[in-house]
Amino acid sequence: MTESVMSPPKRTVGPVQWVRRNLFNTWYNTLLTVVIGYLLVTSVGPLLNWLFLDANFIGDSPEACVGEGACWVFINQRLNFFIYGFYPGDEQWRVNIMFALLAICIVPQFIEGFPARRWLGLFAVSGLPIVGYFLISGGWFGLETVPTHKWGGLMLTLILAYVGILASLPIGIVLALGRRSDMPIIRGICVVFIEVWRAVPLITVLFMASVMLPLFLPEGMNFEKLLRALIGITLWQSAYMAEVVRGGLQAIPRGQYEAASALGLGYWRKMGLIVLPQALKLVIPGIVNTFIALFKDTTLVLIIGLFDILGTVQSTVTDPAWQNVAIEGYVFVAFCFWVFCFGMSRYSQNLERKLDTGHRT
Amino acid sequence: MNDSNPHYEQTRRKPWNDPRVRALIFQAVAIAAVFWSGWALIDNTLANMESRGISTGFDFLNQSAGFGIIMSLIPYDATMSYGRTFWVGLLNTLLVSGMGIIAATVLGFIIGVARLSSNWLIAKIALVYVEVIRNIPLLLQIFFWYFAVLRNLPSPRQSVDVGGLLFLNNRGLYLPDPVAEPGFGWVAAAIVIAIAAVVIIRILAKRRQMATGKIFPTVKVSVAVLIGLPLLAYLAAGGPISWDIPELKGFNFGGGITMIPELAALWFALSIYTASFIAEIVRSGIMAVSKGQTEAAQALGLKSGMTLRLVVIPQAMRVIIPPLTSQYLNLVKNSSLATAIGYPDLVSVFMGTTLNQTGQAVEVVAMTMGVYLTISLLISLFMNIYNRAVALKER
């Protein structure tokens, strides 16, 4: 009897078993692990050396970069330009206040149970853009006017993305509702609008905004370049947003529409109270993906001569005073974008989990 | 309802509360608004163009362009017309898009499958690749490849030399160019015959399987025919292909095929960027095929290769094709970023230089947008036809 009692299986858990199961379970996996492990070890070490160990962080001139590694002194020295562009130095506190306000509104959105979180979020999409406009452009309350061609750097990138995101979502929702409308002419107009904007590259839209918008407008009426770029980006992006929202609208069962109608709700209340909340919740990943795409696409304004963060870096890496700092510049911009985009995608996953009601249609 | 609204009966009869009447009014207003704004746009544009002395019409397409283009697939020089610059730009756009689509698909499928690998290290590397690459703007990646990598390569004299055949330097990538010698016609004929033979084998194999249930190893035989027949012809005709190998002549290379750094940078960036999105599409497609399908196929006695080819991949493709189409479209549209590094694509050559020289913004922008509109519609048309062919048919 006693000899038939089996002892517990040996070594099914623990680090050794984990490695055996996940890295060396078949002969070809073993081979791949060895080859790739070797490549990783030989490439990550030098990379870390270049990034941190051999890099130069402190200094105030190109001479400070003596090591073999990255020259972060360059980023340090030009950081002001990368963040504010040509915004006058004495007025930069205004931009800093904006950054602070933005952080106060955005950061609590990640923290569960923060007081007045909802109100801060509401302020971020309603009052903040207005406050920001008056604060940054000036001309009011004794603030010095700063024309838009002096805006630049990270600040301009954030402005473009923020305004583009805020404006394209409502326009996109209206277009999506129009595309699903029963009225053939409204539907036709929306379909043509969406399909045409979606088929052309953003660069051609920006070119059109900068070259042709002045031709379209009546004599004497002229927008600034920044505003023209914003109009182009918003219209282009709202077509993409419309398709994402349409996907959500299509996923709502017909019964929901019919039930809302049966309750005697009119069109706008039916959509606003019953259909859209459910539809938008379904397509949060798609909406955030569109936001991320828009955020990355704001870099294209450098082609029509606006200095966003990539534009400011691009214009300084060719500075003859600094030699071979292109890679450092690009790594810096890439890191900035990566932080924002990755943050947005993680926030959307978080939101999705939180809003998941467990209903599967 | 009636209590809260005592005028319910009355309001019901008012024409502006009738949904059908309201719909008609809305649509009439919408048409009027569209026509009015369209008319205002045209009116303003014509007035503005007249006051600035810009001519209209497409006559400029026949004028001599007078500027050089660093790369063209068709013969071009500065004396040729603006119409010719349009075609040069269009072909360059199609070239980089085609190369990008092929490379991004291959890379994307590899990374997508790697993310599902049972090897932890490979799965994690694929994950890092996807999360890093897709969160960095494409324009930045193009700049990186062009200004930081390719421009920093050594000069032609110190080229990176791969076996004396392939040379890489800051002027571009130099590859050997195959030149057809007399007798090459036999090889070409062999390729055509091989393709025809494969088609016939497939039809016969299917017919035989339908009749007898016996499976013919179509794929193996097809590959053998496609490679073997041209190779036999090549050897029989005495190797009628010679290679034009690039050589250092003076300060630069001569002979062979040259891939200019602008094309290489754009191609690398487009492929690597789009591959990160394709990888996610492929992963979700494979994960969408339920495990029971694989188990059922194995229970039927299918070998693992056949399970993959006949059961898993066809079902995964249904999920993969529609978003893949969007990625192809994005890649074609993103190729217009060429203008930032000076690769002579349609936007750079036509909407850039030609527009600046002629000033005919309306015609040039309309033609450029027309091209992208056509490409988009054609790609989605073909992909929709393919999609319909593979879609789930519920009977």
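The values are calculated or read from the model by the stated rules, or taken from the named source; none is laboratory data. If you're wondering where the values come from, they're calculated on a predicted model, not measured in any experiment. Cβ atoms come from the backbone with ideal geometry, glycine included; neighbour counts cover every protein chain shown. For accessibility, only protein heavy atoms count, side chains too; no ligands or nucleic acids. Shrake-Rupley method; radii C 1.70, N 1.55, O 1.52, S 1.80 Å.
Before moving on, here are some points about what is shown:
- Filter result for the condition that a residue is in contact (Cβ under 8 Å) with a residue 40 or more places away in the chain and touching a helix residue (DSSP H, G or I) at 6+ places or on another chain (Cβ under 8 Å), over B:157, B:151: B:151
- Residue count for the stretch B:88-133, restricted to those that are of a type in the set (D, E, K, R) and within 8 Å of chain A (Cβ to nearest Cβ): 1
- Whichever residue in the stretch B:93-151 is charged (D, E, K, R) and over 20 Å from residue B:168 (Cβ atoms) and, among such residues, is least open to solvent (accessible area, probe 1.4 Å): B:131
- Scanning the stretch A:347-360 for residues that are surrounded by 15 or more Cβ atoms within 10 Å (Cβ to Cβ) and not polar (S, T, N, Q), we see that the one that is farthest from the other protein chains (Cβ to nearest Cβ) is A:351.
- Here residue A:84 meets the list (1) under 17 Å from residue A:158 (Cβ atoms); (2) out of contact with any Gly (no Cβ under 7 Å at 6 or more places or on another chain) almost entirely, failing just condition (2).
- Residue under evaluation residue A:75, criteria (1) within 14 Å of chain B (Cβ to nearest Cβ); (2) open to solvent by less than 50 Å² (accessible area, probe 1.4 Å); (3) of a type in the set (A, V, I, L, M), criterion not met: (1)
- Scan of the stretch A:309-334 for residues that are more than 14 Å from residue A:73 (Cα to Cα) and either polar (S, T, N, Q) or under 13 Å from the mean Cα position of the chain (by Cα) (or both), ordered by number: A:312, A:314, A:315, A:318, A:334
- Residue in the stretch B:58-70 that is more than 14 Å from every other protein chain (Cβ to nearest Cβ), open to solvent by less than 30 Å² (accessible area, probe 1.4 Å) and not in a loop (DSSP other than H, G, I, E, B) present: yes
- Residue check for residue B:190: open to solvent by less than 80 Å² (accessible area, probe 1.4 Å), part of a helix (DSSP H, G or I), in contact with a Gly (Cβ under 9 Å, 6 or more places away or on another chain) and not hydroxyl-bearing (Ser, Thr, Tyr): no
- Residue in the stretch A:276-287 that is open to solvent by less than 40 Å² (accessible area, probe 1.4 Å), basic (Lys, Arg) and either assigned to a helix (DSSP H, G or I) or more than 10 Å from chain B (Cβ to nearest Cβ) (or both) present: no
- Per-region count, the stretch A:304-346, residues farther than 18 Å from residue B:149 by Cα, assigned to a helix (DSSP H, G or I), open to solvent by less than 60 Å² (accessible area, probe 1.4 Å) and more than 8 Å from every other protein chain (Cβ to nearest Cβ): 7
- Check on residue B:173, under 29 Å from the mean Cα position of the chain (by Cα), open to solvent by less than 80 Å² (accessible area, probe 1.4 Å) and not β-branched (Val, Ile, Thr): yes
- Any pair with Cβ under 6 angstrom, 6 or more apart, that starts in the stretch B:43-62 at a residue that is farther than 22 Å from residue B:79 by Cβ and ends at one that is part of a helix (DSSP H, G or I): B:44/A:216; B:45/A:215; B:45/A:216; B:48/A:215
- Among residues of the stretch B:315-347, those that are within 11 Å of chain A (Cβ to nearest Cβ), outside any helix (DSSP H, G or I) and closer than 18 Å to residue B:73 by Cβ, counted: 1
- Given (1) closer than 17 Å to residue A:164 by Cβ; (2) of a type outside the set (S, T, N, Q); (3) away from every other protein chain (no Cβ under 14 Å); (4) surrounded by 17 or more Cβ atoms within 10 Å (Cβ to Cβ), index of the condition residue A:248 fails: (1)
- Flag for residue A:92 being at pLDDT 80 or above and touching a Lys or Arg at 6+ places or on another chain (Cβ under 6 Å): no
- Sole exception among (1) outside any loop (DSSP other than H, G, I, E, B); (2) within 14 Å of chain B (Cβ to nearest Cβ) for residue A:167, by number: (2)
- Residue within the stretch B:175-194 that is without any contact (Cβ under 8 Å) to a residue 60 or more places away in the chain and aromatic (Phe, Trp, Tyr) present: yes
- Meets criteria (assigned to a helix (DSSP H, G or I) and either modelled with pLDDT of 95 or more or out of contact with any helix residue (DSSP H, G or I) (no Cβ under 6 Å at 6 or more places or on another chain) (or both)) for residue B:367: yes
- Residue under evaluation residue B:2, criteria (1) modelled with pLDDT under 70; (2) surrounded by 10 or more Cβ atoms within 10 Å (Cβ to Cβ), criterion not met: (2)
- For the stretch A:170-220, residues that are more than 9 Å from chain B (Cβ to nearest Cβ), touching a Ser or Thr at 6+ places or on another chain (Cβ under 7 Å) and open to solvent by less than 30 Å² (accessible area, probe 1.4 Å) total 2.
This table checks each residue for (1) touching a residue at least 40 places away in the same chain (Cβ under 8 Å); (2) outside any helix (DSSP H, G or I); (3) aliphatic (A, V, I, L, M).
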position	(1), (2), (3)
A:93	no, no, no
A:100	no, no, yes
A:106	no, no, yes
A:109	yes, no, no
A:130	no, no, yes
A:136	yes, no, yes
A:140	no, yes, no
A:145	no, yes, no
A:149	yes, no, no
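- Residue match in the stretch A:48-61 (condition: under 26 Å from residue A:146 (Cα atoms), outside the structural domain of residue A:122 (by TED's automatic domain parsing) and surrounded by 12 or more Cβ atoms within 10 Å (Cβ to Cβ)): no
- Screening the stretch B:363-374 for residues that are facing chain A (nearest Cβ under 7 Å) and out of contact with any Lys or Arg (no Cβ under 9 Å at 6 or more places or on another chain) and picking the one that is surrounded by the fewest Cβ atoms within 10 Å (Cβ to Cβ) gives B:373.
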